[in-house]
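Just so it is clear, none of the values below were taken in a lab; they were calculated from the coordinates. Just so it is clear, the model here is predicted, and its values are computed rather than measured. Cβ atoms come from the backbone with ideal geometry, glycine included; neighbour counts cover every protein chain shown.
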Amino acid sequence: MMHNPSKVRQKIMKKWIMGLRSCSSSHENLSLSERRWIIKLSADLALASVRNGSRRWSRAIIEEASRNPDNKGLIQRMLGSGCDYRSPCLIPREGRSDGNGAGHVTKSMWVATSSKKIVKRCRRARRSNGRAPRRNEAASIAKRLVKKRTQLLKDFVPGGQDMDDVSLIEETLDYIVWLRAQVDVMRALAHSLPATTSI
Amino acid sequence: MSGRSSGSRAQLGSSRISDDQIIELITRLRQQLPEIHQWRSDKASASKVLQETCNYIRSLHKEVDDISERLSQLLSTIDANSPEASIIRSLIP
């Protein structure tokens, strides 16, 4: 997943600072919140760019940023105008949820999707002794809980709403490692600057 | 339901995924969590790992926001001629 963490951090730092500097000439008197936006956006784009579009989450970061027309300039400067990060397998927006976990239907690896299995389960429960129904109930509660938490995870991983459960976890594994690198880079810059500002 | 038999499989589109694969993914996920997001028992239920993963990512996102906030105050200007810019320049090899 990440063979050379320090090299990765270096790349992210370079890309990020390149993005920050690209803003210096066009905006002279930025408000605090505008600066904060640029700082965060360029860091996110630096991460996505260094990951090089090989992961769904990295493409999703760029896609989501592209939806805001105010970001177009920075995206172009950081990633180039011939942006080939657009994935052909993008699922259209209307299938997405508003983040409350409702989401469109994806194949879940946690829940038995076949209704046949549920019927079989009930039949088996009725046939066997009194303990079986309780075990089934615990198993189904566990499955519901896992499904609920999986839905929640989708909100935290860029592009997560459009992923099946297995891809979601694989993407999450990758995303965590790289997101950590972004945080390390940002922390390093914040610590390197003097505490007092100069105006 | 897979709780009843060890060989049960859940369907995933055209591919099938085994319980072992699920366990492996969850284990790897758990290994990525820092200690503060872990818990003493070895028993890593899938839902617990997923919950802690969400918490961890949320905390990373928050850190990005906090640092951005702090930097926006430290970088009073992203002007190329500012003292901050020279420090930034020195960070780039």
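Stretching residue A:14 away from residue A:72 to a fully extended chain increases their span by 18.9 nm, per 0.36 nm per residue minus the current alpha-carbon distance. Once you reduce the range A:26-61 and the range A:129-188 to the center of their Cα atoms, the two points are 25 Å from each other. In this label model, residue A:64 and residue B:27 are separated by 3.1 nm, measuring between points 7 Å along each Cα→Cβ vector.
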